[in-house]
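Here is the structure we will look at.
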Amino acid sequence: MSLTAKLVKYPHPSLRYPARPITTIDRGLRLLAGRMLEIMYENRGLGLAGPQVAAPIHIIVMNFEGDHTQKEQECVAINPVIVDRSGSQDGNEGCLSFPELFQDVRRAKKVVVRAYDLEGKQFEMECTDLPSRLWQHEIDHLHGQLFIDKMSPVGKLGSREMLKEFEREFRGSQKRGTTPSDAELLKQLASWTMPDPGPIL
Ligand SMILES: [Zn+2]
């Protein structure tokens, strides 16, 4: 993969492609994480998952305040798993791969998450409310699950037109040759490798 990782939008096949756990934490991965944070901030998001930049691996980046000046709110998580969840909350949710689409989604109120950081150190975090929602949304991405799957029937109905528009746009760009075909994109995902950071100078 090149360093020109960019945000992919629905219905790019990467969003449904099964991502794999990460086995090596190296400079290439740190480079990718840095680029993902940039993309997240450029698009004013709170979080971004590997599949959203067509990297089929278990990495997510987040900033619990969505504010790049608050680095202490930043979190890079490798191979995150939810080890405990409790309660429930209803709230509005969006996704950078679905620009301008917002709907209510029911999530667990509280989660306990376990993951590795970029130094390979395991950590555990307990969150409620918005940060908890964010973790659940981003971890879903690693398993090909999207927030449109979890909307209420009313929310799904209310999203139908926008989803059709995303489809039209994506298929149109494939027809024009701006975006490769699904078969080609799937081939790229299957042969994906970590970015090469180049020599240390
Ligand atoms: Zn998302």
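Selection of first residues in the stretch 14-36 that are on the phi < 0 side of the Ramachandran plot and of second residues that are loosely packed, with under 15 Cβ neighbours inside 10 Å, restricted to Cβ pairs under 6 Å at least 6 apart or on distinct chains, gives the following pairs, ordered by first then second residue: Ile25/Gly120; Arg27/Pro197; Gly28/Pro197; Leu31/Pro197. So, in the stretch 52-70, of the ones that are outside any loop (DSSP other than H, G, I, E, B) and over 18 Å from Tyr116 (Cα atoms), which residue ends up farthest from the ligand (Cβ to nearest atom)? So the residue we want is Val53.
Screening Gly144 on (1) within 16 Å of the ligand (Cβ to nearest atom); (2) on the phi < 0 side of the Ramachandran plot; (3) not hydrophobic (A, V, I, L, M, F, W, C) shows it passes everything except condition (2).
As a summary of the residue check, Gly144 satisfies the conditions (1) part of a helix (DSSP H, G or I); (2) within 30 Å of Val112 (Cα to Cα); (3) touching a Phe, Trp or Tyr at 6+ places or on another chain (Cβ under 7 Å) except for the one numbered (1). Among the residues of the stretch 147-169, the ones that are in a helix (DSSP H, G or I), touching a Lys or Arg at 6+ places or on another chain (Cβ under 9 Å) and away from the ligand (no atom under 16 Å from the Cβ) come to 1 in all.
Confirm whether Met162 is touching a residue at least 60 places away in the same chain (Cβ under 8 Å) and under 27 Å from Arg30 (Cβ atoms). The answer is no for Met162. Residue-level analysis places Gln89 outside the set of residues that are within 30 Å of Glu184 (Cβ to Cβ) and either in contact with a strand residue (DSSP E or B) (Cβ under 6 Å, 6 or more places away or on another chain) or without any contact (Cβ under 8 Å) to a residue 60 or more places away in the chain (or both). Taken together, the residues in the stretch 71-112 that are away from the ligand (no atom under 14 Å from the Cβ), within 20 Å of Ala55 (Cα to Cα) and outside any strand (DSSP E or B) amount to 0.
Quick note: the coordinates plus some simple rules give every number you see, no bench work behind them. A quick note: this is a predicted structure, and the numbers were derived from the prediction, not measured. Don't worry about glycine lacking a Cβ; one is built from the backbone with ideal geometry, like all the others, and counts go over all protein chains shown.
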